[in-house]
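*Asks:* Here it is, the structure, as structure tokens.
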Amino acid sequence: MIELPFPAKDLWPNSRPHWAAKARAVKKARAWAYMATLAAKVPTPEGRMNIRLLVHPRTANRPDADNVIAACKALLDGMAEALGVDDSTFNAPTVTFCMPAKGGRLFVELVPE
């Protein structure tokens with residue numbers, strides 16, 4: 001299980017950031033996920049992988065699951081890069097909501113198919 005930062009505001013589909021602000025947020029999220037995946041020493045998968053997102057939202061008002069998946073796109077891309085695989089080997093992520101946490105928390109679980 002890999003702990004990643006909660007997706008930045010500019011990564012969410014309903015936000016309308018300037019393109020440069022979004023590009024900075026994507027680059028930062030992707031790099032963070034890359035380094036976290038390397039640090040977790042996740043083995044390179046042989047085949048397809050199931051992705052499970054464990055989300056601790058910032059407040060009791062949790063976001064839509066499809067928005068969470070969209071906001072995590074840059075993070076998943078960074079993980080795929082660290083594993084040396086194409087992100088098409090990941091099955092569609094499933095989202096599990098947990099108790100709210102200050103600032104929000106996100107855990108990613110990779111399970112071989």
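The values are calculated or read from the model by the stated rules, or taken from the named source; none is laboratory data. Computed from a prediction, not measured in an experiment: that's the story for all the values here. Positions of Cβ are backbone-derived with ideal geometry, glycine not excepted, and every protein chain shown enters the neighbour counts. These accessible areas exclude ligands, DNA and RNA; they are computed on the full protein's heavy atoms, side chains included. Shrake-Rupley method; radii C 1.70, N 1.55, O 1.52, S 1.80 Å.
*Asks:* Condition (residue is out of contact with any helix residue (DSSP H, G or I) (no Cβ under 9 Å at 6 or more places or on another chain), closer than 28 Å to P112 by Cα and not in a loop (DSSP other than H, G, I, E, B)) applied to segment 16-24: is it met by at least one residue?
*Replies:* The answer is no, given that none of the residues of segment 16-24 is out of contact with any helix residue (DSSP H, G or I) (no Cβ under 9 Å at 6 or more places or on another chain), closer than 28 Å to P112 by Cα and not in a loop (DSSP other than H, G, I, E, B).
Residue by residue, here is whether (1) on the phi > 0 side of the Ramachandran plot; (2) buried (at least 19 other Cβ atoms within 10 Å of the Cβ); (3) touching a residue at least 12 places away in the same chain (Cβ under 8 Å); (4) in a helix (DSSP H, G or I) holds:
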| site | (1), (2), (3), (4) |
| --- | --- |
| T37 | no, yes, yes, yes |
| P43 | no, no, no, no |
| R52 | no, no, yes, no |
| R62 | no, no, yes, no |
| N67 | no, no, yes, yes |
| L76 | no, yes, yes, yes |
| V85 | no, no, yes, no |
| A92 | no, no, yes, no |
| M99 | no, no, yes, no |
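*Asks:* Counting just the residues of segment 101-113 that are open to solvent by 70 Å² or more (accessible area, probe 1.4 Å) and closer than 14 Å to I51 by Cα, which one comes out nearest to the chain's Cα centre (by Cα)? Let's see the steps before the verdict.
*Replies:* Step one: filter segment 101-113 for residues open to solvent by 70 Å² or more (accessible area, probe 1.4 Å), giving 102, 105, 112-113.
After this cut, where a residue has to be closer than 14 Å to I51 by Cα as well, the list is 112-113.
Working: P112: 17, E113: 19 Å.
Among residues in segment 101-113 that are open to solvent by 70 Å² or more (accessible area, probe 1.4 Å) and closer than 14 Å to I51 by Cα, the one nearest to the chain's Cα centre (by Cα) is P112.
*Asks:* If you don't mind, there's one more thing I want to ask. Could you count how many residues in segment 29-68 are of a type in the set (K, R) and within 12 Å of the chain's Cα centre (by Cα)? Break it down stepwise before answering.
*Replies:* First pass over segment 29-68, keeping only residues of a type in the set (K, R): 30, 41, 48, 52, 58, 62.
Still in the list and also within 12 Å of the chain's Cα centre (by Cα): 30, 52.
The number of residues fulfilling the criteria is 2.
*Asks:* Still on this structure: Across segment 15-35, what is the number of residues that are among the aliphatic types (A, V, I, L, M) and either at pLDDT below 95 or open to solvent by less than 40 Å² (accessible area, probe 1.4 Å) (or both)?
*Replies:* Keep residues of segment 15-35 that are among the aliphatic types (A, V, I, L, M), which gives 20-21, 23, 25-26, 29, 31, 33, 35.
Now narrow it down to the ones that are either at pLDDT below 95 or open to solvent by less than 40 Å² (accessible area, probe 1.4 Å) (or both): 20-21, 25, 29, 33.
Residues flagged as among the aliphatic types (A, V, I, L, M) and either at pLDDT below 95 or open to solvent by less than 40 Å² (accessible area, probe 1.4 Å) (or both) within segment 15-35 amount to 5.
*Asks:* Could you check segment 37-48 and list, in sequence order, the residues that are closer than 13 Å to L110 by Cα, aliphatic (A, V, I, L, M) and in contact with a helix residue (DSSP H, G or I) (Cβ under 8 Å, 6 or more places away or on another chain)?
*Replies:* Residues of segment 37-48 closer than 13 Å to L110 by Cα: 37, 40-48.
If we keep only those that are aliphatic (A, V, I, L, M) too, we end up with 40, 42.
Passing the criteria: only V42.
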